[in-house]
Structure formats: C-alpha cells, structure tokens
Amino acid sequence: MSLMNARSAFGHYAHIDSSDGVKLHTRVFKPREGEKENLVIVLVHPYSVLGGCQGLLRGIAVGLAERGYRAVTFDMRGAGRSTGRPSLTGSSEIHDVIAVCKWVCENLSTDRILLVGSSAGAPISGSAVDQIEQVVGYVSLGYPFGLTASILFGRHHKAILKSSIPKLFVMGTKDGFTSVKQLENKLKSAAGRTETHLIEGTGHFQMEGPSYDAKMVGLIVEFISSL
C-alpha cells in the first residue's frame, strides 16, 4: 500500500490503495496527549452518491481525539479526494473499508479496531466487520433498515446481523428511512451482544448534523468502555 503523509493541526493525511487500485484519501486524528488504550476508531461516512464524504465525520473524529482515542476518517471511492467511482449499492466500498483497516493495523500499531458507520456507511461497514479480524466492536449511526432503503442496501443486512461481534445501533425515533418498529424487528435475529440507543424526536439527517456530534462521541466512548 502506498502512503503519502501531510501534517495538519489535527493529525495527518494518508493516501491508501484499495485492493483494486483506487486511492483513498484518509485522515488520522490523534490525541494531543496520551492515548487511553491501543484501539483505533475507523469512521465510515454516509452515502457517496448523495454527497457523503469524510468531512461529515470530522466533528466526531475531533471529539474522539479530545477524549483520548485515535480516529480515522476517509473518503470512499468516488467521494471527496478519493479516486474511482461510487457504487449504487455500496458493494465496492466494502473493499475500501477493509483496505483502510488493514492500513491502520500496519501503520498505527494496533490490533483493535472499532468500526463506526454513519447512515449508508453503517451497512457498508457492517458487511466488512467479519472480514477484518482486528475489529472488536461495531457502532451504527442511523442504519437504513427501512423498506425503500433496503432496495439499495438490503444485501448488507445479513452480514452484520449474523456477526457475533458486539454491536450498538443508534437511531432517532423520527428517522425517515427506518421506523423504531423496523429496527426492532430486524435486530430480533441479530447474533451476539446487540444494543440500541434511541434519540427521542430526532430525524435521520438531524442526527448527522454537527449539533449531535458530542452526543455521538459520548455514546461511542461509553460503548468502548463496555468492550
């Protein structure tokens, strides 16, 4: 894998090669002082086709670094400064998640990764979980389980539901893509430890906004402490 670093106030940048040669623009956020534990949080952004990019997760990544954790964001293929083209169903992007996690293990000296997926990034990262042995937990922020969203992302559901890895699903009760009942019905078949956290009166895109970043950071950190 090729690596190109550029220093910034928030850590450094890297360009990572996916398995099919796509170059993924990646950003590493590090705590200014000592790290809490040898774990890296890899954040997977919302749907590239609708303008999703790693910048949407910057607030959460900065918040995690301030709490003492290393965090990594990246543009999936065709998003932001990454090369390639996005896929409609997120199937190709699974390779991007795997490539970034592999790079993290090789370059950030860790054997423990927490995968966090936001919106469409949740099904994509969920499909990668059991393909990366260093993943110790999974957090979904607004998984699109609803009927319409399932036309695009339904093929991803089985992978995360059958995984025995500890899982946390965070969702607003007014999520326009998934109802609370749809979430509960889906998670009935989930293997292993599966938790949910519902945010009352909050919509899907509202929860993605910067005003909820601190809340997401708190939930992620709390989940890490339970692993």
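Once you order the gyration tensor axes a ≥ b ≥ c over the Cα atoms, which shape class does region 153-227 get: rounded for a/c under 1.5, otherwise prolate or oblate by comparing a/b with b/c? Oblate, since a/c reaches 1.5 and b/c is not below a/b. Note on region 1-101: along the principal axes its Cα atoms extend 39, 27, 22 Å, ordered by decreasing extent. Comparing mean-square fluctuations of T89, T202, T73 from a GNM of the chain with C-alpha springs under 10 Å, the top value falls on T202. Mean sequence separation of contacting Cα pairs (under 8 Å, at least six apart), scaled by the length of region 14-91, corresponds to a relative contact order of 37 percent. Each other residue within a Cβ distance under 11 Å of P166 adds +1 if Lys or Arg and -1 if Asp or Glu, for a net charge of +1.
At full extension, K188 and L147 could sit 13.1 nm farther apart than now, given 0.36 nm per residue minus the alpha carbon distance.
Kindly provide the GluC sites (Glu not before Pro) of region 1-108 that DSSP labels as loop, not H, G, I, E or B, and whose Cβ sees at most 13 other Cβ atoms within 10 Å. Qualifying residues, ordered by number: E33, E37.
Structural descriptor for region 110-224: relative contact order 24 percent, calculated from alpha carbon pairs under 8 angstrom and at least 6 residues apart. Here are a few candidate values for mean projected area of the Cα convex hull in nm²: (1) 13.8; (2) 12.9; (3) 10.8. Which one was actually calculated from the structure I just gave you? Computed from the coordinates, mean projected area of the Cα convex hull in nm² corresponds to (3).
Picking from Y13, T178, I41, whose Cα lies most toward the positive end of the charge dipole for the chain (charges on Cβ: Lys, Arg +1; Asp, Glu -1)? Projecting each Cα onto the dipole axis, the largest value belongs to T178.
Taking the Cα centre of region 23-67 as reference, the dipole from Cβ charges on Lys and Arg (+1) and Asp and Glu (-1) amounts to some 160 debye.
Placing pseudo-labels 7 Å out from each Cα toward the beta carbon at H197 and S91 gives an inter-label distance of 3.4 nm. Taking the Cα centre of the chain as origin and assigning +1 to Lys and Arg Cβ atoms and -1 to Asp and Glu Cβ atoms, the resulting dipole is close to 200 debye. With 25 Å as the limit, the listed pairs K102/K215; K102/K158; K36/K102; K36/K188; K36/K174; K102/K174 have K102/K215; K36/K188; K36/K174; K102/K174 beyond it between alpha carbons.
Annotation: per residue accessible area for the chain equals 43 Å², rounded to a whole number [probe 1.4 Å, protein chains only]. For region 10-225, the share of DSSP beta bridges that are antiparallel, to the nearest 5, is 30%.
Look at the alpha carbon pairs under 8 Å that are at least 6 residues apart: their mean separation over the length of region 10-225 gives a relative contact order of 17 percent. Note: region 75-133, Cα convex hull, 85 Å³ per residue.
With the helix formula -39500 (n - 2.57) applied to DSSP H stretches of n ≥ 4, the chain reaches a computed 222 nm mean residue ellipticity of -10000 deg cm²/dmol.
The values are calculated or read from the model by the stated rules, or taken from the named source; none is laboratory data. On a predicted model such as this, the values are computed, not experimentally measured, just so you know. Cβ atoms come from the backbone with ideal geometry, glycine included; neighbour counts cover every protein chain shown. Side chains are part of the model used for accessible areas, which takes the heavy atoms of the whole protein and leaves out ligands, DNA and RNA. Shrake-Rupley method; radii C 1.70, N 1.55, O 1.52, S 1.80 Å.
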